[in-house]
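The values are calculated or read from the model by the stated rules, or taken from the named source; none is laboratory data. A quick note: this is a predicted structure, and the numbers were derived from the prediction, not measured. Here Cβ is always computed from backbone atoms with ideal geometry, including for glycine, and neighbour counts include all displayed protein chains. Heavy atoms of the whole protein, side chains included, go into the accessibility calculation; ligands, DNA and RNA do not. Shrake-Rupley method; radii C 1.70, N 1.55, O 1.52, S 1.80 Å.
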Amino acid sequence: MKTQNSIYAALPVLFGFFVMGFCDIVGISSDYVQRTFNWSPVMTGFVPSLVFIWFLFLGIPIGNQMNKWGRKNTVLLSMGITVVGMLLPLIVYNSATCMIAYALLGIGNAILQVSLNPLLSNVVTSQRLLTSSLTAGQVIKAVSSLVGPEIVLLAVAHFGDDKWYYCFPILGFITLLSAVWLMATPVKREDSSAANQQLSISDTFSLLKDKTILLLFLGIFFIVGVDVATNFISSKLMAERFDWTTEQVKFAPQVYFLSRTVGALLGAFLLARIAEIKYFRVNIVACIFSLFILAFVKNDMVNLICIGAVGFFASSVFSIIYSMALQARPEKANQISGLMITAVAGGGVVTPLIGVAIGTVGVIGGVFVTLACVLYLTYCAFGVKAIVKA
C-alpha cells in the first residue's frame with residue numbers, strides 16, 4: 001500500500017518534467033516573433049538569454065529559500081509564474097509583453113529546475129530508484145522538448161503566422177493542469193529544521209570545499225557542455241565534411257536528440273537494476289570511443305551514428321551526477337540543487353570555446369572540445385568513490 005501511494009505521489013511530480021521542457025520552444029518561436037515585430041538578428045538572439053540567464057542568477061538563491069517555502073510550494077510557485085507569462089501576450093500583445101513572457105518562462109523554468117528534482121526525493125526514498133526516477137524525468141523533459149515546437153507549429157497552422165503566440169495559452173493550460181494535479185496530491189514535506197536558518201550565497205558556494213561536491217558540480221558543468229557542444233557542432237560537421245545541404249544537416253541534431261531520448265528511456269529502466277556508478281563508467285567510456293571515431297573516421301553514415309551514440313551514452317549522466325550529489329549531502333539537498341542548476345548555466349561557456357576552436361582548426365576542433373568535456377566526466381566517473389562503491 002505504501003509503494004502504491006508513493007507511485008501516485010510520484011506521477012504529478014514526474015509530469016512536472018513535461019512543463020520543464022517548455023523553455024525549448026524559444027528557438028522556433030523566436031523566428032515568428034522576429035518576423036512579427038521586425039526585430040534585428042541581434043535583438044532576436046537576445047531571446048534565448050532572456051529564458052536561460054535565470055539559471056545563473058536564481059539557482060542558489062531559490063535553493064536557499066526552499067528551506068522556508070518547502071519544495072512542493074516552490075514547484076507550485078514556478079508553475080504560477082509560468083502560467084502568468086504564458087497568458088500575458090493574450091492580454092496585451094506587443095514587443096514588450098513578448099519579451100516579458102519569455103523572461104517569465106525562464107524564471108519559472110529556473111525555479112522549477114531547482115525545486116522539482118529534490119521534490120522527487122520526497123516521494124522516491126530508495127536511492128537506486130531515485131536515480132532511475134530522475135532519468136525518467138529527463139525522458140519526459142526530452143519528449144516535451146520534441147513536442148513543444150510542434151505545439152507552436154500547430155498554433156501557426158490553425159491561426160496563421162501572426163497568431164503564433166496562441167501556443168502560449170496551450171502551454172499555460174498544461175502547466176495549470178500540472179499545478180492543480182500536484183496541489184491535489186499529498187506529498188510529505190521534507191525536514192524543515194533548517195527553515196529558520198539564514199543562508200547566503202557564500203554559504204552555498206562553501207559546499208564546493210567538499211571535494212566530492214566540487215567534482216560533481218564540475219561534472220554537471222561538463223555534461224551540459226557535452227550536450228550543448230554535440231548539438232552545436234553536429235550539423236556543422238556534416239556540412240563541412242560531406243557538403244550536406246541545409247535540409248540534410250537538420251537531420252544530424254534530430255538524430256542526436258532522438259538517441260538521447262531513447263538512451264534516457266533505457267537508462268530509467270536499467271538504473272533501477274544496475275549500480276549507477278557502473279552504468280556511469282560504462283557509458284562514459286563508450287562515449288569516448290564514439291567521439292574518437294567521429295574525429296578520425298570520415299564517413300557520413302558512421303559520423304551520423306557516432307553523433308547519435310554520444311547522445312545515447314551521455315543521456316543518463318546528468319541524472320546520475322545529480323543523484324550522487326544529493327546522496328553526498330542529503331541534509332543540504334536544497335542548497336546542492338541550487339548549486340547544480342547554477343552549473344547548468346555555466347555549461348554554456350563551452351559554446352564560445354567551440355567557436356574559437358572551429359575558427360582556429362576547423363570543425364574537428366569542436367569535436368576535441370567535446371572530447372575534453374567527456375575526458376573530465378571519465379575522471380569524475382572513476383574518481384567518485386565516497387558515495388557509491390562499485
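Taking 14 Å as the straight-line reach from the Cα of Lys72, the aspartates and glutamates in range (excluding those fewer than 8 positions away in the same chain) are Glu190, Asp191. As an exercise, use a Förster radius of 51 Å and the Cβ-Cβ distance of Ser95 and Ile293 to find the FRET efficiency, rounded to the nearest 0.05. So the FRET efficiency works out to roughly 0.65.
Note that segment 178-190 has calculated 3J(HN,Hα) couplings of 4, 5, 5, 4, 5, 4, 7, 9, x, 10, 4, 6, 5 Hz, one per residue in order, obtained from phi through the Karplus relation 6.51 cos²θ - 1.76 cosθ + 1.60 (θ = phi - 60°); glycine and proline are x. Here the calculated FRET efficiency for Leu270 and Leu214, from their Cβ-Cβ distance with R0 = 41 Å, stands at 0.90, rounded to the nearest 0.05.
With both labels modelled 7 Å from their Cα along Cα-to-Cβ, the Thr378 to Asp162 distance reads 5.7 nm. Split the accessible area of the chain by element, probe 1.4 Å, and carbon with sulfur accounts for 68%. Just grab the label-to-label distance for Ser40 and Val84, each label 7 Å out from Cα along the Cβ direction, in nm (one decimal). For Ser40 paired with Val84, the spin-label model returns 3.1 nm.
For the listed peptides 153-163, 101-111, 268-278, a ranking on the average number of other beta carbons within 10 Å per residue, highest first, reads 101-111, 268-278, 153-163. Note on Ala239 and Trp69: their simple-model spin labels are 4.0 nm apart, each label 7 Å out from Cα toward Cβ.
For Lys141, which aspartates and glutamates qualify as cross-link partners when the Cα separation must be under 18 Å and same-chain residues fewer than eight apart are set aside? Cross-link targets: Asp24, Glu150, Asp227.
For Leu154 and Phe368, compute 0.36 nm times the residue count separating them, minus their Cα-Cα distance, and round to one decimal in nm.
On the way: separation 214, 0.36 × 214 = 77.04 nm, distance 3.88 nm.
Gain on extension, Leu154 to Phe368, equals 73.2 nm.
Averaged over its residues, the chain has an accessible area of 43 Å² per residue, based on protein heavy atoms and a 1.4 Å probe.
I want to verify a result. In a Gaussian network model of the chain, Cα cutoff 10 Å, which of these has the top mean-square fluctuation: Phe217, Phe313, Phe232? Largest GNM mean-square fluctuation: Phe232. Bridgeable lysines around Lys278 (alpha carbons under 21 Å apart, same-chain partners fewer than 8 residues away excluded): Lys211, Lys385, Lys389.
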